[in-house]
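Sharing a structure here in structure tokens format.
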Amino acid sequence: MTAPHVSRPARPRGPGFGGSRTAPPVPVGLRAVAGELAGERLGLDELARRGLLTSPVAALAESGFEHAHVATDGEGATELARRVATAALEEAGVAAGDVDALFWVSALPRGHVVPAVGGTACGGEEAVLADFRYSGSWLQEALGLDRAAVTAVTQQGCASMFASLRLARGLLLSEPEVETVLCVGVDVLPPGAHREILYNVISDAACAVVLTRDSQVDRWLGYRQLSRGSSWDPVASRDEILASYFPTARLVIEEAVEAAGLRPDDVDRVIPTGVTRASWEILMDLTGIPADRLVPPPAFGHTILADPFLVLADLRRRGELQRGERALLFTYGFGSSWAALLLEH
Amino acid sequence: MTEEAVLLTGATGALGPQLVAELLAEPRVERVVALVREDREPVARRLAALRQQVGRLAEASPGRPAPDLERLEAVAGDVSQPGLGMAPEMARRLAREVGTVVHAAADTRFTAPREELWRANAEAVEHLAEWARGCPGLRRLVVLSTGCVAGRSSGTIPEELLPHPGAFINAYEETKWHGERIAAGSGLPVVIVRLTTAVGSRATGRAERLGAFHQLLAWCARGVMPMLPVDPEAPVDLISNELAAGTVARLLTLPVESAPRVVHVAAGPAAPAARQLLALVTDELRQVRESWRRGQIEPPMLVGEATFARFRAMVERSGNPLFTRILAAADSFLPALCYPRRFETRGLEALWDGAPEREWEDLVRRAVCQAVSASWAAPAEAGAAG
């Protein structure tokens, strides 16, 4: 049974929507999607042995988690990002010099600065300057994205990549000279970091998306984001976040589907993040999208911002998406933000 | 008109003060004798406190004459004991004087041990009936029961003794069902009054004791109950304390031979659907609570049992302390939402000449305001408010 929810208080719809029902559709699409997990794979037992989990292994296994991918020595965020960005550009058939804008995306603050060689032994002015060793700029240089304007997106947790795509699309629509935008998202936890957050096992990973105007692949149908600063502190608001997750998730998905002129049954695929499998099953119940439309959540757990794009890249690579299929991607990010993206393959 | 003394048990309970107020307002009632336990406080102090509570209720109803509180007395006793725990001489004296007994005492804790609930809700009726058989002037024994005796059954609940429903949600329901059976089989002139969910005072929204409904309100207000297992169209039967107590008082006006055997004090056909109730609660919370007004908290979703079961399983696996505690407390009453039912109210309508006051919207709005102002935070032990 899918129950109608209580109507929300009237408020302007503009800010949370990427794609108005009244505006003519513009075929911005995801021309390429690439993703990569970090190199070392650790099973739940090993993670527990190293003291990196909170919940019992059995409970995590029952929730659908099997292992975590952890960056090896020398496999930092920048290296992962470089690899996926290269893969995405190759898939898109776009030369580095033709990229008009680069969005570097990391949920973690540490992902935005390239660590100084030899650590932070320097002091004085150099110590301050070291904080400006931007990862996005590094990637621009590493890939030769000489034409790109570089910026970064963060502060939406796991929803940061979604936000970057929305902004990238906005750029493509508003500035005719911008034809190709590369969004690169990566998060690598510090060495020895705890690998469980709010009952979810966390992997390190990167993803990259090339968006272009006039792309007919994974065409942008709609977007909805809802941000609630009341739970800005995930430590203090842990229970409030857990309590609000489902009602807000359903609301955001419903609004995104409705704004795109669709019904729940029109969604052909739901591409999940790697959070606990049961939460996706519940969400399918709540949204009224048939349960068999859910793509199985990945066994590598949650990668902060890259999971759905890893799953999407895998589906595209294996040719499992049919032309015209409509896919819903959804995520929640600390801050908090809930974001839903609708694409047509 | 013959005036009579009314023995009242449960005077210090959730509905007690309202019952006292309504009984004292009834011209047939010479005096109300409240049977109160003396285990924690002397009877005199309990009587004083009860008179204060009744006085406050009277102030909230300025259109009605103030009750003569001198007509309210109290005697030490315990309905769960043989002879009602009264001193023998007092027990004999009262037996000679009492014309009506109103039995409102109960243990309403949903999660209390069954033995305790049995003593309070079933054995107590036996003790009461035993004592009442020694009342030569007894006109009626009014036993307050609950609509929850319908247990795990759906559909229309008739105003008659109910067969065993096969299963109950909790031991409170079960022991109250047995209490009805004991009362009905006592051979005494019994009227069973089944109350649905007494939310509080229609005038103030205040509840003397908080029950499961208030607990749910508190959880919703705090935003820690993301979903409820209930059909959006299922009726949610809510009544005011005034309707409950006023109905009991009206029963005293009926000739013994025309008194019904079972009366439902229920909203019946006027009960809102769950989605309507939720919409109103949401609307009120958005007016009285900033977090709701700013859209920071969403109302709970009304979902099917299967979805709720998945949610429960997820919480259990996570071991999250808050939600584990909430769901454990909710287990004692939430399953009742999965059995939509509507209570017959012909008896109630006859008592009130066809027009009992069953308006629920203002009642619920006031209850929400009370919930917010009382700042309910931690889950309390759930129980019936009655």
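For helix B:361-373, what angle does its Cα long axis make with the longest principal axis of chain B, in degrees from 0 to 90 and rounded to 10?
So the helix axis and the longest Cα principal axis differ by about 80 degrees.
Also: Restricting attention to the stretch B:91-128, which trypsin sites (Lys or Arg not before Pro) occupy a DSSP loop and are surrounded by at most 11 other Cβ atoms within 10 Å? Before the final figure, lay out the partial values.
Numbers: sites: B:Arg92, B:Arg93, B:Arg96, B:Arg109, B:Arg114, B:Arg119; in loops: none.
Answer by residue number: there is no such site.
Another question about this same structure. Using only atoms on other chains, find how many Cβ atoms lie within 10 Å of each Cβ of peptide A:49-58 and report the average.
On the way: counts 0, 0, 0, 0, 0, 2, 4, 2, 0, 1.
Mean partner shielding for this stretch: 1.
So, one more: Report the longest stretch of chain B that contains none of the GluC sites (Glu not before Pro) sitting in a DSSP loop with at most 16 other Cβ atoms within 10 Å. Show your work: numbers first, answer last.
On the way: sites that count: B:Glu3, B:Glu38, B:Glu160, B:Glu233, B:Glu357, B:Glu359, B:Glu381.
So the longest stretch without any such site is B:234-356.
Same structure again: What is the percent carbon and sulfur in the accessible area of the protein assembly as shown, measuring with a 1.4 Å probe over the protein chains and ignoring ligands?
Values: 14810 of 29010 Å².
The C+S portion of the solvent-accessible surface of the protein assembly as shown is 51 percent.
Another one. Using DSSP to define loop residues, name the chymotrypsin sites (Phe, Trp or Tyr not before Pro) in the stretch A:162-243 whose beta-carbon has at most 14 other beta-carbon atoms within 10 Å.
Working: sites: A:Phe162, A:Tyr199, A:Trp220, A:Tyr223, A:Trp232; in loops: A:Tyr199, A:Trp232.
The qualifying sites are A:Trp232.
If exposed means no more than 13 neighbouring beta carbons inside 10 Å and the site is in a DSSP loop, what's the longest run of chain A without any exposed GluC sites (Glu not before Pro)?
A:1-176
Okay, moving on. So for the pair A:Leu262, A:Ser174, with labels modelled 7 Å out along Cα→Cβ, what separation do we get in nm?
That separation, rounded to one decimal, is 2.6 nm.
Per 0.36 nm of contour for each residue apart, how much would the distance between B:Arg96 and B:Ala167 grow if the chain were fully extended, relative to their Cα-Cα spacing? Numbers along the way, then the final one.
Details: separation 71, 0.36 × 71 = 25.56 nm, distance 4.08 nm.
Between B:Arg96 and B:Ala167, full extension yields an extra 21.5 nm.
Residues with beta-carbon under 10 Å from that of B:Pro158, excluding B:Pro158: net charge, scoring Lys, Arg +1 and Asp, Glu -1? If you can, show how the numbers build up before the last one.
On the way: positive: B:Arg346; negative: B:Glu159, B:Glu160, B:Glu344.
Its environment carries a net charge of -2.
Could I ask something else about it? For B:Ala313 and B:Glu3, what is the calculated FRET efficiency with R₀ set at 56 Å and r taken between the beta-carbons, to the nearest 0.05? Walk me through the intermediate numbers first.
Values: r = 60 Å, r/R0 = 1.07.
It comes out at approximately 0.40.
Shifting gears a bit: In deg cm²/dmol, rounded to 500, what helix-only [θ] at 222 nm does chain A give when every DSSP H run of at least 4 residues adds -39500 (n - 2.57) and the total is split over its residues?
On the way: 9 runs with 103 residues, N = 345.
Value at 222 nm, helices only, nearest 500: -9000 deg cm²/dmol.
If you build a Gaussian network model of chain A, linking Cα atoms that sit under 10 Å apart, which residue out of A:Phe246, A:Phe65, A:Phe309 swings the most?
Ranking A:Phe246, A:Phe65, A:Phe309 by mean-square fluctuation puts A:Phe246 first.
For chain B, what is the calculated [θ] at 222 nm in deg cm²/dmol (nearest 500), taking -39500 (n - 2.57) for each run of four or more DSSP H residues and dividing by its residue count? Please list the in-between numbers first.
Values: 14 runs with 148 residues, N = 386.
My calculation for chain B gives -11500 deg cm²/dmol from helical runs alone.
Which trypsin sites (Lys or Arg not before Pro) in the stretch A:261-345 sit in a loop by DSSP (not H, G, I, E or B) and have at most 12 other Cβ atoms within 10 Å of their own Cβ?
Values: sites: A:Arg269, A:Arg277, A:Arg293, A:Arg316, A:Arg317, A:Arg318, A:Arg323, A:Arg326; in loops: A:Arg318, A:Arg323.
In loop regions of the stretch A:261-345 (DSSP not H, G, I, E or B), the sparsely surrounded trypsin sites (Lys or Arg not before Pro) are A:Arg318, A:Arg323.
Here is a further query. Cβ under 10 Å from B:Ile239's Cβ, B:Ile239 left aside: what net charge do those residues give with Lys, Arg +1 and Asp, Glu -1?
On the way: positive: B:Arg202, B:Arg358; negative: B:Asp237, B:Glu242, B:Glu357.
Here the count lands on -1.
Comparing the chain by itself with all protein chains present, which residues of the stretch B:272-317 are at least 50 Å² less accessible (probe 1.4 Å)?
By number: B:Arg286, B:Gln296, B:Glu298, B:Met301, B:Thr307, B:Arg310, B:Met314, B:Arg317.
The values are calculated or read from the model by the stated rules, or taken from the named source; none is laboratory data. Quick caveat: nothing in here was measured; it's all calculated off a predicted structure. Ideal geometry is used to build each Cβ from the backbone, glycine not excepted, and the neighbour counts take in all protein chains shown. Ligands, DNA and RNA are excluded from the accessible area calculation, which covers all protein heavy atoms including side chains. Shrake-Rupley method; radii C 1.70, N 1.55, O 1.52, S 1.80 Å.
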